[in-house]
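Asks: Structure incoming, see below.
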Amino acid sequence: MNKNSSNVMALVPNTSKKRETVCIFGTGDFGRALGHKLIQSGYPVVFGSRSAQISSLVPKDAEVLSHTEAAQKAAIIIIAIQRQHYNFLTPLAEVLRGKVLVDVSNNLKINQYPESNAEYLAQLVPGAKVVKAFNTVSAWALQSGTLDASRQVFVCGDDMEAKQMVMDIVRALGLTPLDQGSLLAAQEIENYPLQLFPMWKFPIFLSLGLTAFFFFYCLIRDVIYSYVYEKKDFSFFIAISIPNRICPVLALMLLALVYLPGVLAAILQLYRGTKYRRFPDWLDKWMLCRKQLGLVALAFASLHVLYTLVIPIRSFVRWRTSSSILSQAMKNETQPLNTTYAWLSDSYLALGILGFFLFVLLGITSLPSVSNNVNWREFRFVQSKLGYLTLILCTAHTLVYGGNWFLSPSSYRWYLPNAYMLSLIIPCIVLVVKFVLVFPCLDKPLTRIRQGWERNPRYSE
Ligand code: NAP
């Protein structure tokens, strides 16, 4: 590689206080925002532009020159230009030889081009050292200083020293560089800002589907049935009663769905007698979005708490209470306290309160700021042991609420059971299978398999 004087200078670590000049190609939104931030951090900045006329938007402490002149003034050149205009760099190849070119570009679609923009840049200017960085930071965040949410800057490149120089700049700007390896990682880094809640898709679509299903289910059972058979208009149930049936049902089902894949994985490993065979794709994907499933479940549980809090002030509930008091007064009798019912009602509420408390605790420990501060064993203890305890409490809460109505024919309208009965199916399956898996005859081989033991080793010594 031809090492001219400016290239040698570029790779010498900066030990003095004075920062090295940084060149930015392009005076667009991103170039200007980054230039502004670099100047604030003490870097002399020179812009390379098609027009040497200084726009009022360009930071006034920066120089604006032609691309060739600007490139000669710095060892690092940030290319703040869209990929489709990169071909103007080909005639500059000689000036750019040995320089560090920072590719900050993004695309409009995931995998829009066969190769990443950074690799394309490296092909166009083969003598330069290309580093991918800054593409996940927005011009707006740089300019407004609201970088709290996105302090991490993914950096990748084939030349270690060039990458180190860019990471030093990232640190000087008050951001955190994350080394992602060679330029092969650039495609993934470029796809990152284009992803739309990848881990949330399944939990959100599943909960939307289940919400729609249970809404119509409850509408048929609680509103249409009463209208057809009793000529009563309970359409106002749509506002609070039906949502307050759907929310606990979904909270419990989704919480059980957080633990179901773990149980299925254990059965699969026991059956195969090894952990070295991949799970089916659907199970892998399901396992990866368990945290999101749990958080959606927590959202439904919180809504259930809010809906429950307003029950005493509902007009329908106040009417029902006063009707019952009036009917007792007219008959001149007082209903005796049913202690069995009082016990059931208090236990149901106590289980619900404890279950919700642990549910919130689980949600808090899944926050990165908290989970980063506990070790692996502590995290597993909270998410597994406390998680199962939450599932047990919430399932018991539902069972105590209506377990004694299971055999009552009035619970079945048009042969449809109450929605909470359906919500118990998955949690009960998960808890029963988990209980069976705890038996030593299954737990011991499973633990050995997870430590690497194989029933039929494929590679014998
Ligand atoms: P922009 O506002 O459109 O500016 C691009 C600049 O490129 C123009 O101001 C122009 O500068 C130069 N340019 C345009 N056509 C050219 C051509 N044919 N030949 C040479 N230079 C040309 O775009 P931007 O928002 O600043 O984005 C620049 C790059 O940063 C893009 O690759 C983008 O993906 C990336 N990025 C942007 C953001 C953001 O928030 N905007 C965030 C992360 C990454 P001159 O007139 O000075 O020549």
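Asks: Name the helices (runs of 4 or more DSSP H) wholly within region 418-461 that hold at least 3 residues that are farther than 30 Å from residue 405 by Cα?
Replies: 440-450
Asks: Moving on to the next point. Could you grab me the full set of residues in region 66-90 that are in contact with a Ser or Thr (Cβ under 9 Å, 6 or more places away or on another chain), more than 8 Å from the ligand (Cβ to nearest atom) and more than 21 Å from residue 53 (Cα to Cα)?
Replies: 75, 76, 86
Asks: Another question, if that's okay. Determine whether region 25-34 contains at least one residue that is more than 12 Å from the ligand (Cβ to nearest atom) and either at pLDDT 90 or above or under 18 Å from residue 95 (Cα atoms) (or both).
Replies: First, pick out the residues of region 25-34 that are more than 12 Å from the ligand (Cβ to nearest atom): none.
Within region 25-34, none of the residues are more than 12 Å from the ligand (Cβ to nearest atom) and either at pLDDT 90 or above or under 18 Å from residue 95 (Cα atoms) (or both).
Asks: A further question on this structure: Any idea how many residues of region 171-196 are part of a helix (DSSP H, G or I) and closer than 30 Å to residue 18 by Cα?
Replies: Going through region 171-196 one residue at a time, the tally reaches 3.
Asks: Please tell me if residue 283 is outside the structural domain of residue 307 (by the TED database), of a type outside the set (Val, Ile, Thr) and surrounded by 14 or more Cβ atoms within 10 Å (Cβ to Cβ).
Replies: no
Asks: Follow-up question, since we're still on this one. Surrounded by fewer than 21 Cβ atoms within 10 Å (Cβ to Cβ) and farther than 29 Å from residue 111 by Cα: which single residue out of 220, 204, 246, 242 fits that description?
Replies: When all the criteria are applied, what remains is 220.
The values are calculated or read from the model by the stated rules, or taken from the named source; none is laboratory data. Remember, it's a predicted structure, so these values are computed and weren't measured experimentally. For neighbour counting, all protein chains shown are included, and Cβ atoms are generated from backbone atoms with ideal geometry for every residue, glycine included.
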